[in-house]
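The values are calculated or read from the model by the stated rules, or taken from the named source; none is laboratory data. Note that this is a predicted model, so its numbers are computed, not measured. Every residue, glycine as well, gets a Cβ built from its backbone with ideal geometry; the counts of neighbours run over all protein chains shown.
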Amino acid sequence: MRALDLLLAQPPLVGGAGLPLTSPHDLTRALAWALALALCGMGLLAAVLLAVLRRGPRRATEATHRPVRAAPVADSLTQLPTRVQFEEQLTAAVAACDVAQQRLALLFIDLDGFKPINDTFGHSDGDRVLQQVGERLRSISRAEDTVARVGGDEFVLLVTGHPSQEAVAQVATRLIEGLGRPYTIEDRDIAISCSVGIVFYPDSGGRAKLLARADAAMYAAKRSGGSCHCFYSPEMDADAHEQFDLLRGLRQALEHHEMELYYQPKIDARSGKVTAAEALLRWKHPTRGLVPPSVFIPIAERFGLIGPLGNWVIEDACRQARVWRDHGLRMRVAINLSAQQMRQEDIVQRIESALERHHIHPSLLTCEITESVAMEDTRATQETFRRLGEAGIHLSIDDFGTGYSSLSYLRRLPAEELKIDRSFVMDLEGSADARAVVDAVVKLAHALGLHVVAEGVESPRQHQILVEMGCDELQGYLFARPMSARALLQWAIGDKAQSASFRESLFGETLFGDSLPTERA
């Protein structure tokens, strides 16, 4: 039945009274009213349908182009793939290896000494270095390899095609050499290095553990001194847990008074008298016992704790020098400054304040800086060198012979002393090459007006050779092992009558206050 017939068949009504229609005029008016309502309903329905059709595509378009839901195409700074993209490519590469029954290699690359660049020169210069790192990684890797930036100064390289261990080692060597070249930022050369950890699939476990194990291998490379590569081995998993525990304890070590300085005397080669004592940091762990610096210093450097530790060493060494001075023992105290400390803007002020606070003359403090740090041609390092020299502090270049010194550059440094690395001293008795190197260093240093200290002297024959070559000062187990400050004082004064091994201070006894005129009271 049509709608109109259905409508006519119903009893016609008027308004809200519900009265029957009695005239043709009323019927016509009612029919017109019904048709108007039907047309309005149809128009409203069409409008709703049209709005839905229009709104649907727009929502789909908005969802497609909404930036928070889409993964970035590449790292904005280096234009390398991001960690998310790399994870996807690694998953695909592992699946392909399973099908072809091949292996792949994952190299985890971390820059050594990058944090001080941001601290010293600012993040803009640090970003420029990272951009250059990205460019070098692209040029070093093959087209079929994958390079990505997975952290602030952390990168990864995925090598496919069933590579051998020897081939991957060569890749790592090229990475270390390529990333170790100086970076030129605004006419300034910035030197950093990198550490590389290597893991193989499927040799070293499943897909889920590859990145973590490559990172563990990289950290092992850092503990070995950096600027090298290490292959993953199962014991590194235990090492990673141990390093985490040590880091947690190291954060509280200063607060809990667990740090202590040990001292190893330096001996004048001609008179046999004590010239100085080098301060060596030790950690008295509550459960592990005495932890050597070779274990915890790399952790402190990696996680930004070297600054607080270095500041504590400066303060405690000056305090101890004052204690010894008050007990009649007057000699230099030597401390080691790290690369990070040399780039601290306030390092000279900190040292001068500690000297002033404990009334120690600047000439009675030696700051030892390794040759590799001394040769860094960075504005901050050179400025620190200059200011330390102007402050009257005794400066020594440590581990000499292990770096790449420029003679003209060395001549301009305000250093007064060179320390020959123990590796040369160790081979003096059996190696003509080692004797030639030491002899050349002694002659070079004396020509430049520098004193020479040989460290690691352990035998009378080494002692004799060094004296014959004209070495000025000696340090090593032949004379004394590192000892606590209390033990050194007893060794020097309290047990002097019973101990024939103690050598008088080159600066003389000062128990009765016969200080130098220039020394602060």
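Residue check, H257 against (1) in contact with a Lys or Arg (Cβ under 9 Å, 6 or more places away or on another chain); (2) at negative phi, all met but one. Which one?
With (1) in contact with a Lys or Arg (Cβ under 9 Å, 6 or more places away or on another chain); (2) at negative phi applied to H257, the lone miss is (2).
To keep it simple, each residue is scored yes or no on (1) aliphatic (A, V, I, L, M); (2) not in a helix (DSSP H, G or I).
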residue: P163; (1), (2): no, yes
residue: E166; (1), (2): no, no
residue: V171; (1), (2): yes, no
residue: L175; (1), (2): yes, no
residue: L179; (1), (2): yes, no
residue: E186; (1), (2): no, yes
residue: S195; (1), (2): no, yes
residue: I198; (1), (2): yes, yes
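Would you check if there is a residue in region 218-241 being in a helix (DSSP H, G or I), of a type outside the set (G, A, S), at pLDDT 90 or above and in the same structural domain as V156 (by TED's automatic domain parsing)?
yes
How many of the residues in region 251-283 are more than 26 Å from D398 (Cα to Cα) and either of a type in the set (D, E, K, R) or buried (at least 16 other Cβ atoms within 10 Å of the Cβ) (or both)?
Count: 4.
Only one of (1) of a type in the set (D, E, K, R); (2) out of contact with any strand residue (DSSP E or B) (no Cβ under 6 Å at 6 or more places or on another chain); (3) assigned by TED's automatic domain parsing to the domain that holds H394 is not met by D268, so which one is it?
Exception for D268: condition (2).
Across region 261-293, what is the total count of residues that are more than 24 Å from V453 (Cβ to Cβ) and either assigned to a loop (DSSP other than H, G, I, E, B) or touching a residue at least 12 places away in the same chain (Cβ under 8 Å) (or both)?
7
Residues to consider are S372, S353, S363; find the one that is within 30 Å of P182 (Cβ to Cβ), assigned to a helix (DSSP H, G or I) and either in the same structural domain as R386 (by TED's automatic domain parsing) or of a type outside the set (V, I, T) (or both).
S372
Restricting to region 292-328, name every residue that is surrounded by 18 or more Cβ atoms within 10 Å (Cβ to Cβ), touching a strand residue (DSSP E or B) at 6+ places or on another chain (Cβ under 8 Å) and farther than 18 Å from S363 by Cβ.
Matches in region 292-328: F296, I297, L309, V313, D316.
Is it fair to say A71 is modelled with pLDDT of 75 or more, surrounded by fewer than 15 Cβ atoms within 10 Å (Cβ to Cβ), small (G, A, S) and under 28 Å from S204 (Cβ atoms)?
For A71, the condition - modelled with pLDDT of 75 or more, surrounded by fewer than 15 Cβ atoms within 10 Å (Cβ to Cβ), small (G, A, S) and under 28 Å from S204 (Cβ atoms) - is not met.
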